[in-house]
Structure formats: structure tokens, C-alpha cells
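S.K.: Got a structure for you, written out below as C-alpha cells; questions coming shortly.
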Amino acid sequence: MSIRHSGIDASRGMAGLALAAALAGSLVLLPGCATSGASSSSDEQATSELQQDAQANDAEDTAPAGQGRMEGDAALGTWADECLDRRGDVTVYALAELKGGQLSALMQQQDYSWDERNRMWVKEDGSAAVVVNGADGKPLASDKISELDAGAVEGSASYRIVTSGYSNAKKTFDALAKKVMECEDVEYADNSAVGVVHGPSLQRCLVFVSKSHDVFTVTMLGEEGIKAGFFDQLSGQELGGTVDEVFEALAGRAPGAE
């Protein structure tokens, strides 16, 4: 079982948001995905297995995170607890606060393997994957990822986590972003969520959660990445050049506004 059939499916726009249709019809798939609506029998089997995993894991979603925070500056081999969810999967904190080489080292320690064909890190049990895209919208090679700055300040890449570990967008956002970062604001809907978060670096990031093929994709971009047009590229729409502008375009209000 492996994640190969997921991406940003914004056709399930956020209910009640001002631009609920802004991303309608936009589908940005992970590499290896067929772009047609049809699924092969193997695709359907993988989706079914991922759904079963999500249902089985849902009962444990409220379990407390691990204790015993490791101190340090996230040097290779030394990680803050916030880098991982309770399953040992990479979080938004890791994407935002670790440099590329550190992120790669962390994933190797957490039983992710590098898929050279599709250029993604995949958890050995197939429950999660991490993809880093370059300026051309294509996944970066592992050596290029290792050269990147921390995701919160990187202006030449966009970051995505794909997971089958959570049953809805709220639980996905909360576990992978809200519980491990300072959350300035978040707006939830049935199959999606958008929020503004920051970590110890105080660099603000936009986090967008969407459902596709029964798994959830978490897209993370810092101010520089949004300024470079990565979110517009992913969505196929001009939604703004700052974290605040994109959040307002999707949520229908400025961060912090009721």
C-alpha cells in the first residue's frame, strides 16, 4: 500500500467561504497520479486500504502527543517533539522550521524512504508522504531538497504532506499544524481548512488542507513562497501575494477577524 493518488482537490470548496468556487475544478495531483477521473482496480484497492486505515486510526486521534521535548537547534539528529505527530509522521513544524538537509535526515530516521521515480518521501507503511515542489511545479530531487532553507523562509519551493491518518480536515489540521505551531487563525469546512501559523522562527506560514481520493493533503507555504506565486500556481487562481491575502481570499475574512 502506498500513497500515489492524492493532491489538492479544491472542487470541494470550503462551505460558506467568500471564494468557495475560487479553486473549483482545480486538481493538482501528486506525481504518479492519473489525471482522468477513472481509477484502475489497483487504485481502488489502495484507496480502500487508505480509508480503512483512516477509520482505524480515527479512534486514537485524541491521544496525547509524546512527552519529553528534546532541546537543541534541530541540528541533524536532534529534533523538537513538534516535528512529529503522535504516529511519528512529519508535521508542518518540521517543514517550516527545518532546513532541507535536516528534514531529509528526520524522514530517514522516521522510516520514510525516498521514491526516486516519483520524487517523494513515502512512509514505509504507505500511510504518509512528503513532496517538495520546485519553481516549475515539479517535485525536486532529493539532493535539491537538501539544499533548501527552512520552509517558512524558502522562496523557491512549496511543501505538501499527504496522510491517511486522519478522518477529516479539522483533525488533520489540528494534529499536523495547530497542535505543533502557534495558530493565529483557522477556518474549517467539511473537507478543507485554511490557517495561519508560525513556529519559533516567528515566520508566518499559510497551511491549506484539502481532501482528494479519500486522503488529505496539507500544503504549507511561507511568505516568500506565496510572494513567489506558488499558491497561485497550485490553485490556478490569483489569490494574493501575502499570507494574509490568501487566507482572506479563501476564508472570506482577514486573519483574526470574526
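S.K.: Report K179's accessible area, 1.4 Å probe, all protein chains in place, as a number in Å² to the nearest 10.
M.R.: 130
S.K.: Farthest toward the dipole's positive end in the stretch 93-208, which of G134, S167, A193, given Cβ charges of +1 (Lys, Arg) and -1 (Asp, Glu) about the Cα centre?
M.R.: Going by the charge dipole, the pick is S167.
S.K.: Where does each of D174, D143, D244 land when they are ordered by accessible area, with a 1.4 Å probe and the largest first?
M.R.: Numbers: D174 20, D143 90, D244 60 Å².
Heavy-atom accessible area, descending, gives D143, D244, D174.
S.K.: Additional query: Rounded to two decimal places and with Rh computed the Kirkwood way over Cα pairs, what is Rg over Rh for the stretch 175-243?
M.R.: Details: Rg = 12.0 Å, Rh = 12.5 Å.
That ratio is 0.96, to two decimals.
S.K.: Another question, if that's okay. Accessible area, 1.4 Å probe, largest first: how do C83, C183 sort? It would help to have the intermediate numbers written out before the result.
M.R.: Values: C83 0, C183 45 Å².
Sorted by accessible area, descending: C183, C83.
S.K.: Roughly speaking, what % of Cα-Cα pairs in the stretch 104-228 are separated by over 25 Å, rounded to a whole number? Could the numbers behind the result be given before it?
M.R.: Values: 1653 of 7750 pairs.
So the pairs more than 25 Å apart make up 21 percent of the total in the stretch 104-228.
S.K.: What size of dipole, in debye to the nearest 20, comes out for the stretch 204-258 about its Cα centre when the only charges are +1 on Lys and Arg C-beta atoms and -1 on Asp and Glu C-beta atoms? Each step should come with its number before you reach the end.
M.R.: Numbers: 4 positive and 9 negative charges, 29 e Å.
For the stretch 204-258, the charge dipole is close to 140 debye.
S.K.: Of the heavy-atom accessible surface of the stretch 208-255 (probe 1.4 angstrom), what whole percent is carbon and sulfur?
M.R.: Details: 650 of 1620 Å².
Of the solvent-accessible surface of the stretch 208-255, carbon and sulfur hold 40 percent.
S.K.: Arrange the residues Y166, Y188 by how much accessible surface each exposes, largest first, with a 1.4 angstrom probe. Present the calculation step by step, with values, prior to reporting the outcome.
M.R.: Details: Y166 10, Y188 65 Å².
From most accessible down to least: Y188, Y166.
S.K.: Arranged from highest to lowest average of other beta-carbon atoms within 10 Å per residue, in what order do the peptides 197-203, 111-117 appear? All intermediate terms of the calculation are to be shown ahead of the outcome.
M.R.: Numbers: 197-203: 17.3, 111-117: 13.9.
Ranked from most to least packed, the peptides come out as 197-203, 111-117.
S.K.: Under 30 Å Cα to Cα from K144, which lysines show up? Leave out anything in the same chain fewer than 8 places away.
M.R.: K144 reaches K99, K123, K178, K179, K211, K227.
The values are calculated or read from the model by the stated rules, or taken from the named source; none is laboratory data. Quick caveat, the model's predicted, so the values are computed rather than measured. Glycine also receives a Cβ, built like all others from the backbone with ideal geometry; neighbour counts cover every protein chain displayed. The area values use the complete protein model at the heavy-atom level, side chains included, leaving out ligands, DNA and RNA. Shrake-Rupley method; radii C 1.70, N 1.55, O 1.52, S 1.80 Å.
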